[in-house]
Each structure stands twice: as structure tokens, then as C-alpha cells.
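This report concerns only the one structure given below.
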Amino acid sequence: MIKSQINFNLFGQKAVFETGNELVKTRYLYKLLSTLQSFSKILIMDHQTEVEIEVPRFFVCPISLEIMKDPVTLSTGITYDRDSIENWLFTRKNNICPVTKQDVFDIDLTPNHTLRRLIQSWCMLNASSGIERFPTPRPPIPKPEIIKLLKALKSPHDQQMKSLKRLKTIVFESEKNKRLMEAVGAADHLSNMIINNVNSNMTGADELALSILYNIKLSPTGLKYLFGKNKDFVETLTRILQRTSSYESRTYAVMLLKSMFEVAEPIQVTSLNKNLFMELVQILNDQISVKATKATLKLLISVCPWGRNRIKAVDAGVVQVLIDSLLECTEKSVCEMIMMVLVQVCQCADGRSEVVKHGGGLAVVSKAIFGVSPVAGERAVRILYSVAMHSGSTRVLQEMVELGVVEKLVLVLQVDCGRKMKDKARDMLKMHAKFWNKTTCVKYNL
């Protein structure tokens, strides 16, 4: 196999492309094209012998190791392909330059037009060898355009809807656009629009604004800011859940709430309005979407470690709905989250009482010990532990015998599972050994 290669002064050419004036750039461009043309002729002449094409090193993105389609220069002076560096900075949320390891404070990416034209010309010269020319990339959305669209949200309805539709398109185009939207204050404009209209029925414009606000995927700082909007943006979203009949809007509202509470300060979580829990329970009961169900469960998991919230969740009927959901649940991750919420609410007396009162409560929970996953099984034992140790009346203990719960606890001691799970099973068996030894259940020695 014939192998040809061009040696370029990588750092010298890079300096010309990024800092030289246009005349110098043009001279270098012609010089390089001339060299590349000679190289192309060599490849074409020996094409029948399967020559391997050597790509100039500075055409290759340091991240993807592929020819750059849209070369852009980071503030550290290194050029990358736009898709690769945007994925590195915005999707993977890295804040360092992959090559220099320097911190990146300025996320603006400068298009390297000279290098892009050079790559396109090289592709054209090597077209006969199967190299396709990359199309000229579309320029990114400028900040002034986004600011103009956001200001138009105060316009009459038709213009408002037009602006919102354009903003939605921009948000879904790239992660860079999401960060740009947040940087120019989109969250402030959109949340103000929602707050101003929350006391009336949700309109199409309001629903669209809510979907855009969620899909911006605000940073932790942006999410914390929403807590301070109009004293309590949580109350605003709660009223949306109460007033709207749109499944999509309810889904976006609860997913936004979930994101907010993931970064909330303890003082913002310790005592929430009971109406919020009633709406969360209603979402679980309505099963409006898998996304909404998962977001609601994650939200409950994040707020129920606090005692007041647990009681409010129980009063809203969360235990009944969760156990009913377990009867039909087939997705492992959802079952595990349901079990976690039950673990938390069973730390209060009212929660344990609701589990015991439910006709299938103990049965459904005990079934999860070996029937779902090791995670769900460990959580099922924790629920049963709370019930047996704090609410273990004669009736409850007898029901645990009849449902085979005691046999499963004995089996937990015999199989390979976590130490904490075994310890809780052993403690339950020891605690009520006198009662259970009088029954016809499996005999065991601790």
C-alpha cells in the first residue's frame, strides 16, 4: 500500500488562521491549496493501488478525531468541531478545555472561517478519491435575535405566539442555544408571563411558555432563582396543576418542580403546601404519562425526608395510590421509586397505619422482596421493619404469618443479600419470635 503524507507546521498555521490579517491568511490559503493539489494528484495517480489518504492534522478535531465540519475556536485558542465542543461543554457539562486543561469562563465559540474554507477546498480536490465536501454550516442564533423574541412576549397574542414558537424551535436546536437562552434572561421573561396569567385558565401561549421554560434545562443557579420569583414560584406551578386540564402542561409543571427541588435549600423544602401533595397524588392516580409519574416519584423522594411533608403526603392519600400502582407496575425503576416513597412515609405512624389498613398493603410489599429487584427487595424489608417494629399489633403479626411474610424473612437470612437487609429481617424475627413460634409457619433458629 502506497502511503503519502504532507507535513504542516501545525502551530504556525494555527496562529495565522486565528491572528493573522486577511491578506496573510489569503496567501497561506493559496500556498496550502497548491501543496494540497500536488498531494491530490499523487493520490489520483495511484488510486488503483488503494492509497491511504492522509488527512492534515489540523483538519482533525481533537475530541472526535474526525475532519471538522464546522471548526470553532474556544477562548483558550484551540479549534474544535462545533458539535464536539458543544457536547463537551453543554451536554457533558465540562468547564475545562480538553487540550489545554484550562478553565473555560467564556463559552462563546468563534467560527474559524478560514480553516473551514480550507477543509472544504481540500475535500473538493480529493473528490475523486471519495472525499465529500462538507456543506457550509448555518450560523448560530445571535443573542440580539433571542432578546428581541423575548421582549415580544409582551406583545398582542398573535405576535406573542409567533415569538414563542420561534423560541421553542431555537431551544430544541442545540444545547448551546439552551445555555444562550438562559444567559440572556429567558427564564425571567417566561416565568413572568406564567405568573401574570396563572390566576386565569391556561392559554396556548402560557402552555407553550411553560414547555420552553422546562426544556431550557436551567442550571442549578437558574433553578434556584425560580424559587424567589413572585415570592414562591412553587405556588405558581401548584396552581397550574390545579387549574389546567392539559396533560402536557401538568407533565411539564411537575418535571420543572422536580428539577427545582433537586437543587433546593432545606429551608425551602421543610414545609410545603398540602395542595402540592394533593396534586402530586392526583398525577400518580391519573397516570398521565410515564415521564410525569417518574418526575412525581422523584419529587416525593426529595421532599419526604422531612416529617411535615411526610404527614401531608399521607393525608393527601399517597399510600393508597402507591400500593394500587404497585399492583399493576411492570417497570423495575418505577417499582423501586414507589418502594422508596413508601419507606419514607412509613417513618411516621400515619403512614404505617395506611399501609396496614390497605387490603393489599402488606401482601404487595412482601411480594417485592424477591419479585422485582435487589433494590426493591431491600426497600420492602425496610417497610416491613417499620411496620413490625412500631405497629406490630397481634392482627398485623397474624396477617404477616398468613401472607407468608415470615417465611420470606427467614429466606432472606439464607440467601445472598445485603447485610443491612439481613439484619433487619433478623431483628423482626427476634422481636416477635414468641408470637410467630406459636403459629404453623416455618420454624427457624436465629
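Under 5 Å from the amide H of I96 lie the amide H atoms of V104, each residue being 5 or more positions distant or on a separate chain, with H modelled from the backbone and absent for Pro and chain starts.
Modelled spin labels at A127 and N273, positioned 7 Å past Cα toward Cβ, are 6.4 nm from each other. Computed over neighbours whose Cβ is under 12 Å from that of C348, the net charge equals +1, Lys and Arg +1, Asp and Glu -1.
Pairs of Cα atoms nearer than 8 Å and 6+ residues apart set the relative contact order; for region 339-425 it is 29 percent. Provide the net charge surrounding R82, with neighbours chosen by a C-beta distance below 13 Å and charges set as Lys +1, Arg +1, Asp -1, Glu -1. Net charge around R82: -4. In order along region 242-255, the Karplus-derived 3J(HN,Hα) couplings, from 6.51 cos²θ - 1.76 cosθ + 1.60 at θ = phi - 60°, round to 6, 9, 8, 9, 7, 4, 5, 5, 5, 5, 5, 5, 6, 5 Hz, and Gly and Pro are given as x.
Suppose every K and R has +1 on its Cβ and every D and E has -1 on its Cβ; what is the size of the dipole of region 131-214 about the Cα centre, in Debye to the nearest 20? It would help to have the intermediate numbers written out before the result.
Numbers: 13 positive and 9 negative charges, 64 e Å.
In debye, rounded to 20, region 131-214 gives about 300.
Measuring from centroid to centroid over Cα atoms, what is the spacing of region 331-397 and region 252-330 in Å? Here the answer is 17 Å between Cα centres. Taking other C-beta atoms within 10 Å as the exposure proxy, D416, D106 rank D416, D106 from fewest upward.
Check cross-link reach from K224 to the lysines: straight Cα distance under 16 Å, and skip same-chain residues fewer than eight apart. Here the lysines satisfying the reach criterion relative to K224 are K258.
Mind scanning K165/K312; K332/K438; K178/K294; K69/K154; K291/K420 and naming the pairs with a C-alpha gap bigger than 27 Å? Among K165/K312; K332/K438; K178/K294; K69/K154; K291/K420, the Cα-Cα distance tops 27 Å for K165/K312; K332/K438; K69/K154; K291/K420.
If you wrap region 81-126 in the convex hull of its Cα atoms and look at it from every side, the mean projected area works out to 4.0 nm².
Can you check what the net charge comes to around D315, using other residues whose Cβ is under 11 Å from the Cβ of D315 (Lys, Arg +1; Asp, Glu -1)?
On the way: positive: K274, R308, R310, K312; negative: D350, E354.
After counting each charged neighbour, the total is +2.
Where a number appears in this text, it was derived from the coordinates with a stated rule and is not lab data. What you see is a predicted model; the values in this text were computed from it and never measured. Every residue, glycine as well, gets a Cβ built from its backbone with ideal geometry; the counts of neighbours run over all protein chains shown.
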